[in-house]
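> Here it is: the structure, laid out below.
The values are calculated or read from the model by the stated rules, or taken from the named source; none is laboratory data. Computed from a prediction, not measured in an experiment: that's the story for all the values here. Here the Cβ positions follow ideal geometry from the backbone for every residue, glycine too, while neighbour counts run over all protein chains shown.
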């Protein structure tokens, strides 16, 4: 994977994670995001977990030598993304 792609992915992940943290701290969610989720906590954790997964994946790919640490980072990233999708996913027909 190209260095630029990894950097962009990491930056997007950092932005998503910070967006999730901001929602958790302030308790406020943008209207469009709020309509897609049951509550503020689900919206915040969904974005936080996906963002953290992207950051962890980018760091793992960027590690010198890669190997087992890169694979471990990938496993952790997939677990976080899976948790976001299974537990905190957007809900159809939500009225939050």
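> Of the numbered conditions (1) within 30 Å of residue 3 (Cβ to Cβ); (2) out of contact with any helix residue (DSSP H, G or I) (no Cβ under 9 Å at 6 or more places or on another chain), residue 53 fails exactly one; give the number of that condition.
(2)
> Please go through the range 61-96 and pick out each residue that is at pLDDT below 90, surrounded by 15 or more Cβ atoms within 10 Å (Cβ to Cβ) and assigned to a helix (DSSP H, G or I).
61, 62, 70
> Going by what's in this entry, would residue 57 be described as under 12 Å from residue 80 (Cβ atoms), assigned to a helix (DSSP H, G or I) and modelled with pLDDT under 95?
Spelling it out, residue 57 is indeed under 12 Å from residue 80 (Cβ atoms), assigned to a helix (DSSP H, G or I) and modelled with pLDDT under 95.
> Could you give every pair whose Cβ atoms fall below 9 Å, whose first residue belongs to the range 48-63 and is free of Cβ contacts under 8 Å to residues at least 12 places away in the same chain and on the phi < 0 side of the Ramachandran plot, and whose second residue is surrounded by fewer than 19 Cβ atoms within 10 Å (Cβ to Cβ) and part of a helix (DSSP H, G or I), counting only separations of at least 6 or pairs across chains?
Between residues of the range 48-63 that are free of Cβ contacts under 8 Å to residues at least 12 places away in the same chain and on the phi < 0 side of the Ramachandran plot and residues that are surrounded by fewer than 19 Cβ atoms within 10 Å (Cβ to Cβ) and part of a helix (DSSP H, G or I), the close pairs are 63/69; 63/70.
> Is there any pair linking a residue in the range 1-28 that is at negative phi and without any contact (Cβ under 8 Å) to a residue 60 or more places away in the chain to one that is outside any helix (DSSP H, G or I) and crowded, with 17+ Cβ neighbours inside 10 Å, with Cβ under 9 Å and at least six apart or on different chains, and which?
If the second residue must be outside any helix (DSSP H, G or I) and crowded, with 17+ Cβ neighbours inside 10 Å, the pairs left are 23/29.
> Looking only at the range 1-34, filter to residues that are outside any helix (DSSP H, G or I) and within 22 Å of residue 60 (Cβ to Cβ); which one of those is modelled with the lowest pLDDT?
Applying the filter and picking the extreme gives 1.
> On to the next question. Give the residues of the range 16-38 that are surrounded by 14 or more Cβ atoms within 10 Å (Cβ to Cβ) and over 20 Å from residue 78 (Cβ atoms), sorted by residue number. Break it down into steps so the answer makes sense when it comes.
The first filter runs over the range 16-38 and keeps only residues surrounded by 14 or more Cβ atoms within 10 Å (Cβ to Cβ), leaving 16-17, 19-24, 29, 33-38.
Of everything in the range 16-38, those that are surrounded by 14 or more Cβ atoms within 10 Å (Cβ to Cβ) and over 20 Å from residue 78 (Cβ atoms) turn out to be 19, 21, 22, 23, 24, 29, 33, 34, 35, 36, 37, 38.
> In this structure, is residue 79 without any contact (Cβ under 8 Å) to a residue 60 or more places away in the chain, under 19 Å from residue 3 (Cα atoms) and touching a helix residue (DSSP H, G or I) at 6+ places or on another chain (Cβ under 9 Å)?
no
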